[in-house]
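Remarks on the structure that follows.
Just so it is clear, none of the values below were taken in a lab; they were calculated from the coordinates. Since this is a predicted model, take the numbers as computed values, not measurements. All Cβ positions, glycine included, derive from the backbone under ideal geometry; neighbour counts span all protein chains shown.
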Amino acid sequence: MSYIVYQVGSTAKIKEFNTAAGARRSATVMNRKAGAVKYAVAHFTYYDTFVVTKKTVRNLMTGQAVEIDSNTPWCCNPASETYWSM
């Protein structure tokens, strides 16, 4: 069993824990220090099924629509100039 601590807005995975108590503790500490950014805890199956969604972006070079995960980093997003210049 593993539990994921993730950013609520971007759905980016921050840390992974074996116990729910460890994950909740880490999220609590990060929320106290974060300010505007919020962190949450989810079981890995819930995270993969309900938290991470698909979003449609336009490929910068071809203009075609491409589906990517919502937690894809900007450098791996085909709609970014960074992706094409690497």
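If you work out Cα Rg over 2.2 N^0.38 Å from the coordinates, which of (1) 1.11; (2) 1.28; (3) 1.39 do you get?
(2)
Obtain the nm distance between the two label points defined at Met61 and Glu81 by a simple spin-label model: each point lies 7 Å from its Cα along the Cα-to-C-beta direction.
So the label points at Met61 and Glu81 sit 1.7 nm apart.
Answer with one residue from Ala20, Gly63, Val51: the one whose Cα lies farthest towards the positive end of the charge dipole of the chain, charges on Cβ with Lys, Arg +1 and Asp, Glu -1.
Ala20
Within a 10 angstrom radius of the beta carbon, how do Tyr46, Tyr3, Tyr83 rank from fewest other beta carbons to most?
Tyr46, Tyr83, Tyr3
Need the list of aspartates and glutamates near Lys33 for cross-linking: C-alpha distance under 16 angstrom, and skip anything on the same chain fewer than eight residues off.
List returned: none.
Pick from Thr53, Thr62, Thr28: which residue has the top mean-square fluctuation in a GNM of the chain where Cα pairs under 10 Å get a spring?
Sorting by GNM fluctuation, first place goes to Thr62.
Hey, what number do you get for the chain at 222 nm if only DSSP H runs of n ≥ 4 count, each worth -39500 (n - 2.57), divided across all residues, to the nearest 500?
Taken over the chain, the calculation gives -7000 deg cm²/dmol.
Contact order normalised by length for the chain, with contacts defined as Cα pairs under 8 Å and 6 or more residues apart; what percent is it?
Details: 130 pairs, mean separation 21.1, N = 86.
Relative contact order for the chain comes out at 24 percent.
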